Amino acid sequence: MVHYQTRLDLRFGALADTTRRGILERLGKSEASISDLAARFDMTLTGMKKHVRLLEDAGLVTTEKVGRVRTCKLGPHRLEDETIWMNKYRQMLEARLDSLGEFLARTKGDEP
Amino acid sequence: MTTPNTATPRAASVTTPAEREIRIERIFDAPRERVWRAMTDPKLVAQWWGRGNNLVIERLEVERGGHWRFVEHAPDGVHGFEGRFREVTPPERVSQTFEWDGMPGHVVVNTMTLESLEGGRTRLVTVSLFLTAEERDGMLSSGMADGLNESYRALDRVLASL
């Protein structure tokens, strides 16, 4: 249960970056090596590795090392509209419960 | 007895017991009957449900099968929310469906349980069950790129609203 929440948070974090979204779009066309990606996004290998690792932790990308080349492709998880909706719904619900708590505190003693 | 601090109510816990469920537990410094009334009396609901936004309560028929429909006038636009009551057991349990006009067909079943605690406090447990289609965890393919971009756009909207 907690695991799911963590994975969800990882996915949101991983996607909150233009470069990482670009990487996913690129991998949607075909797999690519870290150095291909680094060249394409005009980054150092080290910088690209960091992005790829975040995407990998979130399950959005998988990598495989063959010889000296690490190849990246899209992973098993994709972000569904539905997942987004669930997260947005949770935030909304929490905000409303906060609001209810404030209302109850504000009107304390106003009873009947 | 210590005075419970509810000036800044916090989530006691948020968990996802199943992939389709969200459970939120809160403790309010108010007796159960008062919490129940705040959740079911239209005059009171209007004062908090909108989170500071103007709220129009078009319908609130708190009975099994009854309709509810609220329209929230938020800075980013007008949002309608509605559903029907599945179970109403004052003052301890209410179960209702929830739909947002922006995601028609994505129905959430919301079950709220109120429990009286010592010191005139109430524990409210909200379980939201998502009944939408199975999560499709399939492999991405290039053919899905349009859908992916749609998701990114939706994500951007969510992140912008955080």
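Looking only at residues in segment A:59-83 that are surrounded by 21 or more Cβ atoms within 10 Å (Cβ to Cβ) and modelled with pLDDT of 80 or more, which one is nearest to the other protein chains (Cβ to nearest Cβ)?
Looking at the filtered set, the residue picked out is A:Leu74.
Kindly list the number of the only condition in (1) farther than 19 Å from B:Leu129 by Cα; (2) crowded, with 19+ Cβ neighbours inside 10 Å that fails for B:Ile22.
Here B:Ile22 meets the rest and fails (1).
Per-residue answers, yes or no, for (1) surrounded by 17 or more Cβ atoms within 10 Å (Cβ to Cβ); (2) assigned to a helix (DSSP H, G or I):
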position	(1), (2)
B:Leu44	yes, yes
B:Gly52	no, no
B:Arg59	no, no
B:Trp68	yes, no
B:Val78	no, no
B:Arg86	no, no
B:Val94	yes, no
B:Thr113	no, no
B:Thr122	yes, no
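Per-residue answers, yes or no, for (1) at pLDDT 75 or above; (2) under 14 Å from the mean Cα position of the chain (by Cα):
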residue: A:Val2; (1), (2): no, no
residue: A:Phe12; (1), (2): no, yes
residue: A:Thr18; (1), (2): yes, yes
residue: A:Arg21; (1), (2): yes, yes
residue: A:Arg26; (1), (2): yes, no
residue: A:Ser33; (1), (2): yes, no
residue: A:Ala39; (1), (2): yes, no
residue: A:Thr44; (1), (2): yes, no
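The values are calculated or read from the model by the stated rules, or taken from the named source; none is laboratory data. Predicted model, so just to flag it, every value in this text is computed and none were measured. Please note: Cβ atoms are built from the backbone with ideal geometry, for glycine as well, and neighbour counts cover all protein chains shown.
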